[in-house]
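K.L.:
After the structure tokens below, expect a handful of questions from me.
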Amino acid sequence: MQSFPKIFRVRQTFPRRRLVDVAAEVHTQLARLKLEGSICPGQSIAITAGSRGIANIASILRAAVEHLQILGAKPFIVPAMGSHGGGTADGQRQVLNSYNITEAFCGCPIRSSMETTIVGRAAEGFPIHIDRLACEADSVLICGRVKPHTSFCGEFQSGLMKMLLIGMGKCEGANIYHRASEDHSFDQIVRSVAPLVLEKCRVLAGLAIVENAYDETASIEAVAPQQFASREPQLLAIAREWMPRLPFDAIDVLVIDRIGKNISGSGYDPNIVGRKFDDHKAVGTEMPKVKRVCVRGLTPESHGNAIGLGMAEFCRTQLVRAMDPKITRLNTLVSGHLPAGMIPLDYETDREMLMAAMSTIGLVEPHNARLLWIANTLELAEVECSAAYLEAARERSDLEIVIEPRDLRFDAKGNLAESMSWK
């Protein structure tokens, strides 16, 4: 009978700057831009809302709505999430609803449509698609989180600029921009397209959100449209510094409880796992270096979108059952990240999955394997570690052992009896 390593739990310590009152900060930041000079009473303003699981996002959007209403404007929210939500207007509204972004909570209409307006052509020759409803508004407020992207590199990754293009581009725009990224860098595409979008959509301002390593709102900053290109790279550097990380760099098996679109655009964040440039291994100096990834389940907030599953080598069969193939394949095709939509080796139980994974990690015996077990790539404050890391953990001032080594226990069905976040 195959043996498994003992495990112990550590608590990591990360820098923890966070905002106590996010709504007040939204009002403070927007007031700093003196938007009353740019808004006439009764003007319509579209506010973008994406598909990511951003901390406090509903409260942030509600505060933005309130601020614009105080200035006499008539704001409304538009889903800005490319092809997510199954690429349908109702599906995108449902994604927002799952984050409590509702008309009742936010205090304004939510207008969802997949129709786009072509506002021009990029220098590279492709058409520039923008949400029709946003285009028809008197102006637009871009709201989004700034952080390293799962595959894009350069000064512009996930943030206000990406929201301008892929978010507001709906399915048509997201598709054309991802296709263009096969021939041109995303940085080049942004620099080519963003100025025209800023002009044609009469962008009023940006509301940039940066989170800390504990998935909490650390910073909210209002950015004038003419400063998007200069300020976003600075915010990206801050976001990268504040990101969480795995406690060790050499990993034989990484077990992830859940992947999902609310966790990362790629299901799980390859910046955390060390697979940004290759779905199945770290490249060059990239860290950490993970041999095998095992995924147990899919978040309900993903609504069946299991993109990212193909970046793992092993998974539970229940995840495959939870996947909506149509939604997953649409997101996979539009993003151009085809391997992310493929199905890895799947097993009915955790025991079978782990046995299979540990048979592929080289000469190391299973009971000596370097195994880490996490809830997801956002929640890394506590991590289960195999006994192979125990000595190193005791020497680290940033790690606290909160549960001493014990057996990796399975229930009668062969699934892990304990859980990082769910059962």
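Please treat every number below as a calculation from the coordinates, not as lab data. Not measured: the values here are computed from a predicted model. Every residue, glycine among them, receives a Cβ derived from its backbone with ideal geometry; neighbour counts consider all protein chains shown.
K.L.:
For the chain, calculate the relative contact order in percent as a whole number, restricting contacts to Cα pairs under 8 Å that are 6 or more residues apart.
P.N.:
Reported relative contact order: 21 percent.
K.L.:
Now, a different point. Per-residue counts of other Cβ atoms within 10 Å, averaged by peptide: what ranking do you get for 109-120, 256-267, 395-406, highest first? Show your work: numbers first, answer last.
P.N.:
On the way: 109-120: 16.3, 256-267: 25.6, 395-406: 12.0.
Averaged packing, sorted descending, gives the order 256-267, 109-120, 395-406.
K.L.:
Could you give the length gained by full extension between E36 and V20, i.e. 0.36 nm per residue of separation minus their alpha carbon distance, to one decimal place?
P.N.:
Contour length minus Cα-Cα distance gives 3.1 nm.
K.L.:
Rounded to the nearest 500, what is the chain's calculated 222 nm mean residue ellipticity when only DSSP H runs of at least 4 contribute -39500 (n - 2.57) each, over all residues?
P.N.:
That calculation yields -8000 deg cm²/dmol at 222 nm.
K.L.:
Another one. Which of V197, V20 has the fewest other C-beta atoms within 10 Å, and how do the rest follow up to the most? Display every interim value, and only then the final one.
P.N.:
On the way: V197 27, V20 7.
Result, fewest neighbours first: V20, V197.
K.L.:
Can I ask one more? Apply 1/(1 + (r/R0)^6) to the Cβ-Cβ distance of E182 and L333, taking R0 = 22 Å, and write down the FRET efficiency to the nearest 0.05.
P.N.:
With R0 = 22 Å, the Cβ-Cβ based efficiency is 0.95.
K.L.:
A follow-up question, please. Using Cα positions and a limit of under 16 Å, work out the lysines in reach of K289, with same-chain residues fewer than 8 apart set aside.
P.N.:
K276, K281
K.L.:
Order 408-415, 324-331 from most to least packed using the mean count of other Cβ atoms within 10 Å.
P.N.:
324-331, 408-415
K.L.:
Where the centre of each part is set by its Cα atoms, how far does region 19-37 sit from region 126-179, in angstrom?
P.N.:
23 Å
K.L.:
Oh, and also: Multiply the residue gap between I401 and S113 by 0.36 nm, knock off their C-alpha separation, and tell me the result in nm, one decimal place.
P.N.:
This chain segment gains 98.7 nm when fully extended.
K.L.:
On the principal axes of its Cα set, how long, how wide and how thick is the chain? Give whole Å, largest value first.
P.N.:
That gives 72, 41, 40 Å along the principal axes, largest extent first.
K.L.:
What residues have an amide H closer than 5 Å to that of A417, excluding those fewer than 5 places away on the same chain, when H is modeled at 1.01 Å from N in the peptide plane?
P.N.:
Residues meeting the criterion, in which the H sits 1.01 Å from N, are R409, F410, D411.
K.L.:
Find the centroid of the Cα atoms in region 340-400 and in region 303-324, then give the distance between the two in whole Å.
P.N.:
Centre-to-centre distance over Cα atoms comes out at 18 Å.
K.L.:
Related question: Taking amide hydrogens as modeled 1.01 Å from N in the peptide plane, which residues meet the under 5 Å criterion relative to E382, leaving out close sequence neighbours?
P.N.:
Amide H neighbours of E382: Q12.
K.L.:
Can you check what the Kirkwood hydrodynamic radius comes to for region 33-242, Cα pairs only, in Å to one decimal?
P.N.:
Radius from the Kirkwood sum: 16.8 Å.
K.L.:
Would you mind telling me the antiparallel percentage of the DSSP bridges in the chain, rounded to 5?
P.N.:
Taking every DSSP beta bridge within the chain, about 45 percent pair in antiparallel fashion.
K.L.:
Going Cα to Cα from K170, which lysines come in below 23 Å? Please leave out same-chain ones fewer than 8 positions away.
P.N.:
List returned: K74, K147, K162, K200, K261, K326.
K.L.:
If each residue's Cβ is checked for other Cβ atoms within 10 Å, how do S335, S185 rank with the fewest at the top?
P.N.:
Working: S335 24, S185 14.
By the 10 Å Cβ count, ascending, the order reads S185, S335.
K.L.:
Amide H neighbours of G50 under 5 Å, at least 5 residues apart or on other chains, H built in the peptide plane: list them.
P.N.:
Answer set, sorted by chain and number: A80.
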